[in-house]
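Report on the structure given below.
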Amino acid sequence: MTIEQIDSNRILIALCDDDMKSFSLEFESMTLSNPHVKEMIQRLLKFASNETGISVKNKKMLIEAIPYINGCLFLITLSQKTHKRKIYKIKNPRPTIIEFIEIEDMLRCISIVYRSKIQYIHSDLYKYGSRYFLIIKPVRGISHRLEAFLYEYGEKISGGNLTVSKLREYGKIIAKDTAIEKIGKALVKK
């Protein structure tokens, strides 16, 4: 094993085949999700810290494992900046549910949504009693302009996931996951 300090932020550790065997490491199975690999990398970092004098404790770093003919190279790059942990909030838009009394209104509405090419995760169409319910799960929110078109043909239903669950349990599924695409394509072909 050779340890070399490239600069103040980078260390190169070269392991030959014998070193790889003594650490019980195989390049093909090296992942950080493996507890043994994590432990061996911690040991290598201790060796590198003792050899070079660079403290790696509590520092963010990038560890690159590179195979070579007689073993493996580890390039360790320490971050110069202290990073504050970032927390991201993923906005998950609620499903839009539209109730239709007439089948013609439902078909016109689906035709508009299909031609508008909005991005959505999935769309379902249910029949509950004598009414039709279109559920759209958008990637982002639906624009106000498109909402106005939709509500000309049907009525917006509140209740979100509770209403969706009720429709799934008691309603009759007409088209699942890709209702807008299936029905929209059929309408365009007419």
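Please treat every number below as a calculation from the coordinates, not as lab data. Given the structure is predicted, the values throughout are model-derived calculations rather than measurements. Cβ placement follows ideal geometry from the backbone for every residue including glycine, while neighbour counts extend to all protein chains displayed.
So, R0 is 30 Å and r is the distance between the beta-carbons of CYS16 and VAL56; what FRET efficiency does that work out to, to 0.05? Before the final figure, lay out the partial values.
Details: r = 22 Å, r/R0 = 0.75.
FRET efficiency, CYS16 to VAL56: 0.85.
As a test of the formula, what do you get for the chain when each DSSP H run with n ≥ 4 contributes -39,500 (n - 2.57) and the sum is divided by the residue count, at 222 nm and rounded to the nearest 500 deg cm²/dmol? Display every interim value, and only then the final one.
Working: 6 runs with 70 residues, N = 190.
Dividing the helical sum by the residues of the chain leaves -11500 deg cm²/dmol.
Taking only C-alpha pairs under 8 Å that are 6+ residues apart, what is the relative contact order of the chain in percent?
Numbers: 269 pairs, mean separation 37.6, N = 190.
Value for the chain: 20 percent.
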ask   = Can you list, bin by bin at 5 Å, the percent of alpha carbon pairs in the chain, starting at 0?
value = 1, 7, 13, 13, 10, 5, 3, 3, 5, 7, 9, 10, 8, 5, 2, 0
ask   = Which GluC sites (Glu not before Pro) from the stretch 1-84 combine a DSSP loop assignment with at most 15 other Cβ atoms within 10 Å?
value = GLU26
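What ranking, highest mean first, results for peptides 110-116, 125-131 when packing means the other Cβ atoms within 10 Å averaged over each residue? Walk me through the intermediate numbers first.
Values: 110-116: 19.0, 125-131: 15.7.
So the order, starting with the most tightly packed, is 110-116, 125-131.
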Set LYS117/LYS185; LYS21/LYS57; LYS127/LYS166; LYS137/LYS189; LYS137/LYS176 screened for pairs whose C-alpha atoms are more than 23 Å apart = LYS21/LYS57; LYS137/LYS189
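With charges only on Cβ, +1 for K and R and -1 for D and E, what is the dipole size of the chain about its Cα centre, in debye, rounded to 20? Before the final figure, lay out the partial values.
Values: 32 positive and 21 negative charges, 214 e Å.
That gives the chain a dipole magnitude of about 1020 debye.
Going by average Cβ density within 10 Å per residue, which order do the peptides 171-183, 155-167 take, highest to lowest?
Working: 171-183: 16.7, 155-167: 13.6.
Result, highest mean first: 171-183, 155-167.
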ask   = Quick one: if the Förster radius is 22 Å, what FRET efficiency do LYS185 and LYS127 give, using the C-beta to C-beta distance and rounding to 0.05?
value = 0.65
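Test of understanding: express the Cα radius of gyration of the stretch 96-189 as a ratio to 2.2 N^0.38 Å, with N the residue count.
On the way: Rg = 12.0 Å, N = 94, 2.2 N^0.38 = 12.4 Å.
Rounded to two decimals, the normalised Rg is 0.97.
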